[in-house]
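Asks: The structure's right below; bear with me while I get my questions together.
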Amino acid sequence: VSTFKGLLSRCHRIIRNNHGYDPVQAFDELSKVLFAKMYEEHVHHDTNRFTLTTYKQAKALGMNIVQTMFAEIQASPMVVDLFPKKTTINLSDDTLEQIVGIFEKYDLSLTAFDVKGEAFEYFLGDTFTGGLGEYFTPRNIVEFIVEAVSPKIGEKMVDPFCGTGGFLIYAFDIVSEKIRLQDFSQVEREKWQRALSDESLYGTDWKERNAQACKMNMYVHGDGNTG
């Protein structure tokens with residue numbers, strides 16, 4: 001977790017120094033690059049293009065391979081509505097090259113969801129500070145309330161003030177564990193896990209940016225859907 005936090009902070013500083021973006025803008029752009037990397041590892045794991053060598057080869061041909069990956073993400077049903085249509089990464093070629101160089105040797109597809117999730121939440125918390133009465137619920141309170149509610153397999157759960165998704169993510173974890181512990185066949189287990197991911201968790205938020213951050217956070221934690 002500390003390694004991943006360090007990588008995120010390092011990239012964040014590069015974006016700030018190269019572009020002068022405020023923390024939220026820097027978060028927005030870095031999260032796009034991270035999703036390009038995660039998408040590439042998930043879909044093209046054996047021919048991974050998120051490498052410095054491939055980046056430089058494409059650059060010599062007048063193409064930005066990370067922008068290409070990000071365009072592919074927006075056409076993928078895996079991440080419906082995660083980013084507004086025709087969104088691009090608003091970073092220079094040199095900045096993207098630096099970030100690719102930092103992340104190329106790490107395989108996020110092999111990194112545990114709790115590691116990615118904890119580091120990503122730390123990054124979110126550092127970026128999205130309270131304002132206009134906004135406060136993110138501390139993790140121990142989230143865990144207490146969700147465990148008190150005790151969500152069940154097949155139930156729908158809605159957080160009308162979802163912020164970056166703390167309650168939804170913990171509910172996802174609780175129900176996932178219940179599915180794992182049930183004496184289900186593999187087919188039944190996969191059916192209930194899909195139902196949890198695709199049909200059970202919903203959130204809304206006053207701020208569009210918070211809602212998008214929630215979607216990204218849930219995806220990083222293994223939800224794989226954007227309700």
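The values are calculated or read from the model by the stated rules, or taken from the named source; none is laboratory data. Remember, predicted model here, so these are calculated numbers, not experimental data. Cβ coordinates were reconstructed from backbone atoms using ideal geometry, including for glycine residues, and neighbour counts include every protein chain displayed. Just so you know, the surface numbers come from the protein's heavy atoms only, side chains and all, with ligands and any DNA or RNA stripped out. Shrake-Rupley method; radii C 1.70, N 1.55, O 1.52, S 1.80 Å.
Asks: Here is a check on your reading of the model: is residue 66 at pLDDT 80 or above, out of contact with any Pro (no Cβ under 9 Å at 6 or more places or on another chain) and more than 25 Å from residue 210 (Cβ to Cβ)?
Replies: Judged against the criteria, residue 66 is a match.
Asks: Whether any residue in the range 73-92 is modelled with pLDDT of 90 or more, surrounded by fewer than 18 Cβ atoms within 10 Å (Cβ to Cβ) and within 28 Å of residue 2 (Cα to Cα) is what I want to check.
Replies: yes
Asks: Is there a residue in the range 25-37 that is of a type outside the set (Val, Ile, Thr), in contact with a helix residue (DSSP H, G or I) (Cβ under 9 Å, 6 or more places away or on another chain) and open to solvent by 50 Å² or more (accessible area, probe 1.4 Å)?
Replies: From the range 25-37, those of a type outside the set (Val, Ile, Thr) are 25-32, 34-37; that's our starting set.
Next cut, in contact with a helix residue (DSSP H, G or I) (Cβ under 9 Å, 6 or more places away or on another chain) only: 25-32, 34-37.
Among the residues that remain, those that are also open to solvent by 50 Å² or more (accessible area, probe 1.4 Å) are: 25.
Looking through the range 25-37, at least one residue is of a type outside the set (Val, Ile, Thr), in contact with a helix residue (DSSP H, G or I) (Cβ under 9 Å, 6 or more places away or on another chain) and open to solvent by 50 Å² or more (accessible area, probe 1.4 Å).
Asks: Consider the range 38-69. How many of its residues are open to solvent by 10 Å² or more (accessible area, probe 1.4 Å) and among the aromatic types (Phe, Trp, Tyr)?
Replies: Here the count works out to 1.
Asks: Still on this structure, please answer the following. Show the residue pairs meeting these rules: Cβ distance below 6 Å; 6+ apart or different chains; first residue within the range 16-27 and at pLDDT 90 or above; second residue of a type in the set (Ser, Thr, Tyr) and part of a helix (DSSP H, G or I).
Replies: Between residues of the range 16-27 that are at pLDDT 90 or above and residues that are of a type in the set (Ser, Thr, Tyr) and part of a helix (DSSP H, G or I), the close pairs are 18/95.
Asks: Residue 212 - would you say it is in a helix (DSSP H, G or I), polar (S, T, N, Q) and either touching a Leu at 6+ places or on another chain (Cβ under 8 Å) or open to solvent by less than 20 Å² (accessible area, probe 1.4 Å) (or both)?
Replies: Values: in a helix (DSSP H, G or I): yes; polar (S, T, N, Q): yes; either touching a Leu at 6+ places or on another chain (Cβ under 8 Å) or open to solvent by less than 20 Å² (accessible area, probe 1.4 Å) (or both): yes.
When the stated conditions are applied, residue 212 passes them.
Asks: While we're looking at this one, here's another question. Does the range 184-203 include one or more residues that are part of a loop (DSSP other than H, G, I, E, B), without any contact (Cβ under 8 Å) to a residue 12 or more places away in the chain and either more than 25 Å from residue 76 (Cα to Cα) or among the small types (Gly, Ala, Ser) (or both)? Reasoning before the result, please.
Replies: Looking only at the range 184-203, we keep the residues that are part of a loop (DSSP other than H, G, I, E, B), and these are 184-185.
Subsequent filtering for residues that are without any contact (Cβ under 8 Å) to a residue 12 or more places away in the chain retains 184-185.
Remaining after also requiring either more than 25 Å from residue 76 (Cα to Cα) or among the small types (Gly, Ala, Ser) (or both): 184-185.
Scanning the range 184-203, I find at least one residue that is part of a loop (DSSP other than H, G, I, E, B), without any contact (Cβ under 8 Å) to a residue 12 or more places away in the chain and either more than 25 Å from residue 76 (Cα to Cα) or among the small types (Gly, Ala, Ser) (or both), so the answer is yes.
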